[in-house]
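The values are calculated or read from the model by the stated rules, or taken from the named source; none is laboratory data. Note that the structure is a prediction, hence the values are computed from the model and not measured. For neighbour counting, all protein chains shown are included, and Cβ atoms are generated from backbone atoms with ideal geometry for every residue, glycine included. Calculation scope for accessible area: heavy atoms of the full protein, side chains included, ligands and nucleic acids excluded. Shrake-Rupley method; radii C 1.70, N 1.55, O 1.52, S 1.80 Å.
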Amino acid sequence: MSLLSVEQLSKSYGDKTLFQDISFTISEKQRIGIIGVNGTGKSTLLKIIAGLESADAGEIIHANDFHIEYLSQTPYFENGVTVLEAVFYGNSPLMQLLREYERAISSLEADPQNEKLQNKLFSLQQKMDAMDAWDTNTTAKTVLNRLGITMLEQQVSMLSGGQQKRVAIARALIQPADLLILDEPTNHIDNETVEWLEDFLAKYRGALLMVTHDRYFLNRVTNRMIELEGGNLYTYEGNYEMFLDKKAEREEREASSEQKRQNLLRRELAWLRRGAKARTTKQKARVQRAEALKEQSGPAEKGQMEVAIGSARLGKKVIEIEGISKSFNGKALFNDFSYLVMPDDRLGIIGKNGSGKTTLLNILAGKMTPDTGQVETGPTVKLGFYTQNHEEMDESLRVIEYIREAAEVIYTKDGDPITASQMLERFLFSPSAQWTYISRLSGGERRRLYLLRVLMDEPNVLFLDEPTNDLDIETLSVLEDYLEHFPGAVITVSHDRYFLDRTMEHLFALEGNGRVERFDGDYSDYLEQKRKEEELLAVSKPAASSDDPKPKKEKARRLSYKEQKEWETIEDTIAELEEKHEEIESQIAAAGSDFGKIDGLFREQQEVAARLEAAMNRWEELSVLVEEIEKNK
């Protein structure tokens, strides 16, 4: 069933056409990924569908009560708003009830003997029952816990950028929506959170429309792909892997069609040049056909980002790290870390947000000083540093002028000259686009331009700080190929699992306790090892805990008022859901060949099954807690 239709949509900025007369539909349960080179209008298309921007032509068609929830790349919150107000925003009765309910729980936990608060909470629980709000509340608690959001009364403005992004993600996931739009949801969140988000979205009830550079994420979440290219739109059924196969087939067909057109054009022109004795109607028709063939345009040639640029000679001494330590506000990021960087090293730095990854990279680059220890850089090192927050660009410059400031001409490994203009073409800036002012570039195009500027300096050691943020997949693919042939050391901070797997051979994991763990292998191998370690720890944990009574003592507590009420009613709730599930099963059996009725019943049965599973999981959590309390009495 179609939820939303995009009809003949067009959008331009000045003389630059993003897309022209594109149309597509979004149906129930579809998980759609939008891809395309930076500057093709991916984010603009999302904003138009979300109603935040207007199109030049065309329309968006959906039901009047259709709700769209939109997560932008850079979340915005009003001043003074708390986390609770930001997450449960809006004036819908459901959101108002959830806000009031969470405040009541917080107040009662602070004053558990207050009878007035107890009565208020009981009244709100009845309203939750009446509005069937428990599923939304359970989802909200799961999301908030997994995203590490606990201080609901704290003002959002007091949080870090990464924490604000998590609040925005929670808000988008919690709000009931027919269509959830996500613009780069994996930017600035760590790998563990990305993996959890994948699992959550796989079970999401509404339709999804997203832009992301994370290819593992695309492959595991999507079931349809949309590509914006050259102002046109192409759709592919399947995930990212299927998209790659089908796109290759499409380009082969287009190339074959173009070859046939060129052959026919050559034959027609050859006939015309021989000259015919009489200007017959047949001859005029052939002239017109030849003219029509000449006017047709074949598929646009792809910009090739072959960036096998030469670099200055790198000696044996690259970077020597000797016992460096760094702390912030009493928190140790890394202690007594030493390593000898080799000329061909491929090192990835990983860790949770706030663990000190960028700080370590800045210390190695000489932009920060360690608390203890030292970093020595070899005399032949020429460092290229691609930073998260690129240097301020002079927006009055044109694209080519910005690159020429770095170099007019550079040379390949074989000594062949490449001009600044030629390099820009390889980085997907057409000759006309090279004279565009930087102020008119999209954020992604600026990042691509900045990457080229770094490489134009022909470094022999390359530092990359979150290079996958805001770069399109095509640029990333060629950057990965470039790094494969780069004749020097590469150290990168990244949370992009695909990028790490393709480019890095060793990892430094910042564990958050001052320890830096070295791992030889790619990121997928690292994850597998961590899972095995966790499984072994889970097996040995019960025996280890008997020697240390403190964790038991810390967990010993009584049920909160809310938990006690939930424990008293949850078995009845489970029984009702089981009965409802069986009743729908009987109705499906009795529906015979009425497939319309069966389809509706089947969807209802799936919803009941999901609620039943959530209730069973909650019963298990509470039963463990009750048993633990009984043991510690």
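Please state which of the following conditions Thr492 fails to meet, knowing it meets all the rest: (1) assigned to a helix (DSSP H, G or I); (2) in contact (Cβ under 8 Å) with a residue 40 or more places away in the chain.
Thr492 satisfies every listed condition except (1).
From Asp465, Asp470, which residue is buried (at least 20 other Cβ atoms within 10 Å of the Cβ), in contact with a Gly (Cβ under 6 Å, 6 or more places away or on another chain) and in the same structural domain as Ser355 (by the TED database)?
Asp470
Test each condition in (1) open to solvent by 10 Å² or more (accessible area, probe 1.4 Å); (2) charged (D, E, K, R); (3) modelled with pLDDT under 90 for Glu517 and report the one that comes out false.
Every condition holds for Glu517 apart from (3).
Across the stretch 311-335, what is the number of residues that are in a strand (DSSP E or B), surrounded by fewer than 14 Cβ atoms within 10 Å (Cβ to Cβ) and touching a Ser or Thr at 6+ places or on another chain (Cβ under 9 Å)?
2
Of all residues in the stretch 22-52, which are of a type in the set (S, T, N, Q) and closer than 28 Å to Leu449 by Cα?
Correct list: Asn38, Thr40, Ser43, Thr44.
Please specify each residue of the stretch 487-511 satisfying the condition of being of a type in the set (D, E, K, R) and over 19 Å from Gln388 (Cα atoms).
Once the filter is applied, which keeps residues that are of a type in the set (D, E, K, R) and over 19 Å from Gln388 (Cα atoms), the stretch 487-511 yields Asp501, Arg502, Glu505, Glu511.
Grab the helices (runs of 4 or more DSSP H) fully contained in the stretch 112-219, keeping just those with 1 or more residues being over 21 Å from Val83 (Cβ atoms).
The qualifying helices (runs of 4 or more DSSP H) are 115-130, 134-146, 191-202.
Identify the single condition in (1) open to solvent by 50 Å² or more (accessible area, probe 1.4 Å); (2) closer than 27 Å to Ile350 by Cα; (3) in contact with a strand residue (DSSP E or B) (Cβ under 9 Å, 6 or more places away or on another chain) that Trp435 does not satisfy, given that it satisfies every other one.
It fails just one condition, (2).
Out of everything in the stretch 300-341 that is among the hydroxyl-bearing types (Ser, Thr, Tyr) and at pLDDT 90 or above, what residue ends up being farthest from Thr492 (Cα to Cα)?
Only one residue tops the list, namely Ser327.
Residue-wise test of (1) open to solvent by 60 Å² or more (accessible area, probe 1.4 Å); (2) in a strand (DSSP E or B); (3) basic (Lys, Arg); (4) at pLDDT 90 or above.
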residue: Pro343; (1), (2), (3), (4): no, no, no, yes
residue: Gly354; (1), (2), (3), (4): no, no, no, no
residue: Met368; (1), (2), (3), (4): no, no, no, yes
residue: Gly373; (1), (2), (3), (4): no, yes, no, yes
residue: Thr380; (1), (2), (3), (4): no, no, no, yes
residue: Gly384; (1), (2), (3), (4): no, yes, no, yes
residue: Glu391; (1), (2), (3), (4): yes, no, no, no
residue: Ser396; (1), (2), (3), (4): yes, no, no, yes
residue: Ala406; (1), (2), (3), (4): no, no, no, no
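Out of the stretch 408-432, which residues are of a type outside the set (Asp, Glu), in a helix (DSSP H, G or I) and either open to solvent by 30 Å² or more (accessible area, probe 1.4 Å) or touching a strand residue (DSSP E or B) at 6+ places or on another chain (Cβ under 8 Å) (or both)?
Result: Ala420, Ser421, Gln422, Met423, Arg426.
Only one residue in Ser442, Ser494 is open to solvent by less than 20 Å² (accessible area, probe 1.4 Å), closer than 23 Å to Ser72 by Cα and not β-branched (Val, Ile, Thr), so which one is that?
The match here is Ser494.
Return the pair list, or none, for Cβ contacts closer than 7 Å from residues in the stretch 134-146 that are over 19 Å from Gln96 (Cβ atoms) to residues that are surrounded by fewer than 18 Cβ atoms within 10 Å (Cβ to Cβ) and hydrophobic (A, V, I, L, M, F, W, C), at least 6 apart or on different chains.
Arg146/Trp196
Residue by residue through the stretch 82-127, note down the ones that are within 15 Å of Ala168 (Cα to Cα) and of a type in the set (Ser, Thr, Tyr).
Across the stretch 82-127, the qualifying residues are Thr82, Tyr89.
Considering only residues of the stretch 61-111 that are open to solvent by less than 40 Å² (accessible area, probe 1.4 Å) and assigned to a strand (DSSP E or B), which is farthest from Arg205 (Cα to Cα)?
Thr82
Looking at the stretch 558-599 only, could you name the residues that are among the aliphatic types (A, V, I, L, M) and at pLDDT 75 or above?
Ile570, Ile574, Ala575, Leu577, Ile584
Criterion first (open to solvent by 80 Å² or more (accessible area, probe 1.4 Å) and modelled with pLDDT of 85 or more) does Phe122 satisfy it?
yes
In the stretch 67-81, what residues are of a type outside the set (D, E, K, R) and either modelled with pLDDT under 90 or under 14 Å from Ala168 (Cβ atoms) (or both)?
Passing the criteria: Tyr70, Leu71, Ser72, Gln73, Thr74, Pro75, Tyr76, Phe77, Asn79, Gly80, Val81.
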